[in-house]
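Report on one structure; see the data block that follows.
The values are calculated or read from the model by the stated rules, or taken from the named source; none is laboratory data. Since we're looking at a predicted model, the values are computed, not measured. So basically every Cβ, Gly included, is an ideal-geometry build from the backbone, and we count neighbours across all protein chains shown.
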Amino acid sequence: MDQKGTFPVAKLAQLETPYYYYDTEVLHRTLQTVTSEAGKYDFHVHYALKANANARILNIINSYGLGADCVSGGEVRAALEAGFPASKVVFAGVGKADWEIKFGLEHDIFCFNVESIPELEVINELAEAQGKVARIALRINPNVQADTHHYITTGKEENKFGIALCDFDKVVDVAIKAKNIKLIGIHFHIGSQILELNNFAGLCSRVNELQDQLAKRNITLEHINVGGGLGIDYHYPTRNPIPDFADYFKTFKSMLKLRDGQTLHFEPGRSITGQCGNLITKVLYIKEGVKKNFAVVDAGFTELIRPALYQAYHKIENITSEAPVEKYDVVGPICESSDCFGKDVELNGSKRGDIIALRSAGAYGEIMASQYNLRKLPKAYFSDLI
């Protein structure tokens, strides 16, 4: 069984809940591992801002020399403001608005990951209007299995993302003929929270097939981008705070057949920030039900929506109690039945005022917070600044 996390309880108890607490030591250790393991093969890593765009988190990640993977104009702006060089910014997304494309062109970002012929044509027109040539990679839907929640599977034929394999040659033709487009690569992303590395082996096989297909046309691209997707251990965050980046990168090194001079790019998000973040909340009431007890806390799905949206699991700990373990449904104050963080959760005996930590909340936590019920957005605090 995973032991409890170590928290500066006295300091955390003085802060108004709910809020996000980030362990910067975990973040630094994760980034050191990422850069070390990717550096063995000269792989290029772009952090996916959609996981967490807290300004200080971005500044720390940028200090390790990573690039940025963005899916909106706002994320491109945030990356640039955090100091990520435009030459390391990639911009994906199935629905890029004109202003977002113009913004990327104006700042000469590294690459647009293009998901359809209509998008390609619009980028070509907007680049022509600026007198520029846009660098693009074609996001291909590889139609390979990703063992994860269906909401975060992105590489199957029925998903909205990417260009279908059957349209690959046609889209390549359009890209090559466009005067203000430079085709520099192909891009993939099969899904998120993937723990079975064989899923990535399947992706490698598909990339190799497409590379062979291009070779028959005497086309060799400069860059291959395999996206992100590596998962984290939500059940044992203390035991496994850092994902297995060594085997992850080794899988691609051993199975992907790169051409001479090609660079390989990755776009991890959750695997970098997931384990450094915790949602800290306080017990408002212990409510005795007919068949169960409820721990009513002051955080809700407005602060962490993953359990309501995906039925996602987060380890929940009472960090101020050592009383014997009891079972509770841990619920929030939002006027929706789905506002539940966990059912029959084993917690040390809890009472009003106890501090509860929802672990592994550094990705898709603070960034997805809302003001539903006119609630305040949560603040963020850092282990080295409190």
Do we find a residue being acidic (Asp, Glu), in contact with a strand residue (DSSP E or B) (Cβ under 7 Å, 6 or more places away or on another chain) and within 21 Å of Asp23 (Cβ to Cβ) anywhere in the range 312-319? yes
Does Leu347 fit the bill of being under 24 Å from Tyr22 (Cα atoms), not in a loop (DSSP other than H, G, I, E, B) and not basic (Lys, Arg)? yes
Only residues that are part of a helix (DSSP H, G or I), surrounded by 15 or more Cβ atoms within 10 Å (Cβ to Cβ) and within 20 Å of the chain's Cα centre (by Cα): list them for the range 5-34, please. Thr24, Val26, Leu27, His28, Arg29, Thr30, Leu31, Thr33, Val34
Based on what the data block shows, is Glu157 modelled with pLDDT under 95, within 20 Å of Val34 (Cα to Cα) and loosely packed, with under 14 Cβ neighbours inside 10 Å? no
Only one of Lys291, Lys379 is surrounded by fewer than 16 Cβ atoms within 10 Å (Cβ to Cβ), without any contact (Cβ under 8 Å) to a residue 60 or more places away in the chain and not aliphatic (A, V, I, L, M); which? Lys291
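Table: residues versus (1) within 15 Å of Leu120 (Cβ to Cβ); (2) surrounded by fewer than 17 Cβ atoms within 10 Å (Cβ to Cβ).
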site	(1), (2)
Val172	yes, no
Lys177	yes, yes
Gly191	no, no
Phe200	no, no
Thr220	no, yes
Exactly one of these conditions fails for Arg259: (1) assigned to a strand (DSSP E or B); (2) in contact with a Ser or Thr (Cβ under 7 Å, 6 or more places away or on another chain); (3) farther than 24 Å from Arg56 by Cα. Give me its number. (1)
Here is a list of conditions, (1) farther than 26 Å from His28 by Cβ; (2) in contact with a His (Cβ under 8 Å, 6 or more places away or on another chain); (3) assigned by TED's automatic domain parsing to the domain that holds His44; (4) not aliphatic (A, V, I, L, M), and Tyr310 meets all of them except one; can you say which number that is? (3)
If we keep just the residues of the range 265-288 that are over 19 Å from the mean Cα position of the chain (by Cα) and either assigned by TED's automatic domain parsing to the domain that holds Leu230 or without any contact (Cβ under 8 Å) to a residue 12 or more places away in the chain (or both), which is surrounded by the fewest Cβ atoms within 10 Å (Cβ to Cβ)? Glu288
Residue list for the range 311-332, filter: surrounded by fewer than 19 Cβ atoms within 10 Å (Cβ to Cβ), more than 27 Å from the chain's Cα centre (by Cα) and part of a loop (DSSP other than H, G, I, E, B): Ser321, Glu322, Ala323, Pro324
Which ones in the range 128-137 are crowded, with 19+ Cβ neighbours inside 10 Å and either out of contact with any helix residue (DSSP H, G or I) (no Cβ under 6 Å at 6 or more places or on another chain) or not assigned by TED's automatic domain parsing to the domain that holds Lys160 (or both)? Arg135, Ile136, Ala137
Selection over the range 65-77 where residues are in contact with a Phe, Trp or Tyr (Cβ under 9 Å, 6 or more places away or on another chain) and assigned to a helix (DSSP H, G or I) yields a count of 4
Kindly establish whether Tyr372 is among the hydroxyl-bearing types (Ser, Thr, Tyr), at pLDDT 95 or above and under 22 Å from Lys4 (Cα atoms). no
Contact list please: Cβ distance under 7 Å, first residue in the range 87-99 and in the same structural domain as Gly228 (by TED's automatic domain parsing), second residue surrounded by fewer than 12 Cβ atoms within 10 Å (Cβ to Cβ), pairs at least six apart or on different chains. Val94/Lys160
Go through the range 103-115 and give me each residue that's assigned to a loop (DSSP other than H, G, I, E, B) and farther than 8 Å from Leu138 by Cα. His107, Asp108, Ile109, Phe110
